[in-house]
1. Roughly how many percent of the accessible protein surface of the range 340-385 is carbon and sulfur, given a 1.4 Å probe and a whole-percent answer?
2. Using a Förster radius of 35 Å, what is the FRET efficiency between Asn28 and Val578 based on their Cβ-Cβ separation? Nearest 0.05, please.
3. By per-residue mean of other Cβ atoms within 10 Å, what is the highest-first order of 522-529, 214-221, 228-235, 616-623?
4. What shape does the range 24-91 take by its C-alpha gyration tensor, where a ≥ b ≥ c are the square roots of the eigenvalues and a/c under 1.5 counts as rounded, a/b above b/c as prolate, and the rest as oblate?
5. Using R₀ = 41 Å, calculate the FRET efficiency as 1/(1 + (r/R₀)^6) where r is the Cβ-Cβ separation of Gln389 and Glu445; round to 0.05.
6. Give me the percent of DSSP beta bridges within the range 171-317 that run antiparallel, rounded to the nearest 5.
7. Longer than 30 Å from Cα to Cα, which of Lys48/Lys93; Lys103/Lys462; Lys181/Lys304; Lys63/Lys110; Lys48/Lys142 are they? Say none if no pair is.
8. Give me the 1.4 Å probe accessible area per residue for the range 436-571, excluding ligands and nucleic acids, in Å².
Amino acid sequence: MVMICIAPIILGMKDVSKTMSLDYFEENFVKFVCLLTCQVDWILDFTKKASNRSIAVSHANIKLLDESEVNGCLLQPVSTIGVILDTKCVGYKDVMYYASSNKLLDANHKWLLVDEMSENCNLTENVNINPEKSFHTSEISKYLEEIDISVNADITVATQIGTDTFDLLETFNFGKTKGGKFVISEVGTWDSETGLNISKRFKFYRRWDFQNLTLRMIVVMSQFPKNFNREMLVGRVPGPGVNVVTQIGTTILEEIANIHNFRYHYTITDQWIGLYERNATRVVSNSLYFGEQDISPVLRYFKKNADYIDIIHPRVTTIETRYYYRILSYGPGKLENQFLRPLSRHAWWCVVAMSVACGVVLLLAAVLEQRPLSGQYALFSVIASICQQFFEDVDSIRVTRPSTAGKLTILVTGIFCVLIYNYYTSSVVSWLLNGPPPSINSLWELLDSPLKLAYEDIGYTKTWLTVPDYNYNRRNLKVELEMRRKKVWNKKKGEPLMVPLNVGIDMIESGEYAYHMEVNTANKLISAKFDQKELCELGSLQSMSPTSLYPIVQKNSPYREFYIWSIARLSERGLLTVIRKRILSPSVVCEGSSPRALALGGAAPAFILLGIGYLVGLIVMMVERLVMKKLCRFFIIFLKQYNDRGGCEFFLRLIYKRKITLK
């Protein structure tokens, strides 16, 4: 808060001015006042009066301008600072220029310019004075008009029009560097009897009309148009290369401009975030940092940007990105339905454990029954039960007494296998009747899949490709780094990487690519091009979870407070919701459910198992018909040498599978 005393004959501030100033500070909840003066005779009295109102006071001598001392007084850890500047001092203009250059004429520094009249003015109570006209002709007014004062400045001029009466005038400029006009308007009065009478309206209600001011806006488009026009950004049908989130943010800012009578000069770029270096490619972030632009409609909050630019809240929209791909129904691999995995891994281990337990019990029972091939009987009985069959070996061997334990175990095993079979088939059938779930469940699986990656030609993807520490999702940092290394930077020469939207949709249809794009844009294009069958074959994997987007301005921008207030007003009145719903596209889903044919790749393990069984059977047959035959003949010859008639007959029966009696 600044207080300037214009009274060249007076050595210090008058008591009436001190009282008026403290009333003004107290009304505006100022708890700290900085005195910048070259004379100290009135500081002690003012400090005592301020202390009685719980207002702290500090001071700095500006006779010889010491920037470090002035900074120590002006930059305090409080939300609102009051500053009193003694205009009778020679260096007061240097202090004002320093404050203007360092953006200290802002909303956090409430300025009160006390324009005191000299004691020899001989004022009477009936003098008719126009305070605005009187101040316009003063030296202070002319100097304030020359320095850079912006729309967020909080400068009030207290012009003395009587012995104990002041008129309060506020001064600001909608943008000195942008050709704005210096404005003075009356906001209240003060007198010793009634005290302070000042307008309670928020300052931007009083500064509603920006008088056709022009602000610079930078927006991102993936295609640079030959003939740019505003309707490309805010029309019902956006121009080529305009993303949905950019359209929403620009429409909201244009609505604010229409309400407050100002306009934008547009600059087009193709990337949001870049390097903060003078020789770096100009993008949204560094253009704002170097003061070349005033505002941009949307940007994702990035912690490293906090030191360079300011965001405007509340948010204007959100962004979500996904990898879109087609679920193929041919070929092996992870893109297929997992037909043989309807049960979890733990369920399969339980099946194995139960089968082993039943086999052990059957083995013990077979030993008690004195079966000659107990192990084979136990093993093949369990396998037969799993296959919904029955195994018995009593055609050539008579069991003296079948045990109850064996019967009970066979019964339990059979019931268990029937239940597992029912659960298995029920899971498969229900899975087939449901809509297709995403067959790729994580970015790691996408990385391992045969799908190639392609990306929408848009600003945040260019940032992802060029800025190593920028990522779509911090939780996926490792896999995103692997994606860059394996599938992006190692692409073969000539393979597409960043492609336009229409090309990307065709790449999805081909089934060879996973195309990365923004969800709202995807909903709009996919719903127009894909039929219901293709929608049911479409899969997606989230890359960037729904993330808030905010307009951004220069660091310590004078327009930040205005935009925060304006967007909050639109949000309270429901206009933000209306704009979003008018522009956003509804999500596209596979309607209902339809049976799907099993993919060969998904059922491949079943056919592999069948092939292995045939191969094992063939090998067993070869062993039986060739190897065993030769071995048996060898034993027959061996036994004949020792005249073992019974042994020869046994091996002959084993070879020819019929009863043979040697003569």
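The values are calculated or read from the model by the stated rules, or taken from the named source; none is laboratory data. Everything numeric here is computed off the predicted structure, so don't read it as measured data. Every residue, glycine as well, gets a Cβ built from its backbone with ideal geometry; the counts of neighbours run over all protein chains shown. Accessible surface areas use protein heavy atoms only, side chains included; no ligands, DNA or RNA. Shrake-Rupley method; radii C 1.70, N 1.55, O 1.52, S 1.80 Å.
1. Carbon and sulfur atoms account for 74 percent of the accessible area of the range 340-385.
2. Working: r = 36 Å, r/R0 = 1.02.
It comes to 0.45.
3. 214-221, 522-529, 228-235, 616-623
4. Oblate is the answer for the range 24-91, as a/c is 1.5 or above yet b/c matches or exceeds a/b.
5. 0.65
6. So the antiparallel bridges in the range 171-317 amount to around 45 percent.
7. Beyond 30 Å: Lys103/Lys462; Lys181/Lys304; Lys48/Lys142.
8. Here the per-residue accessible area is 43 Å².
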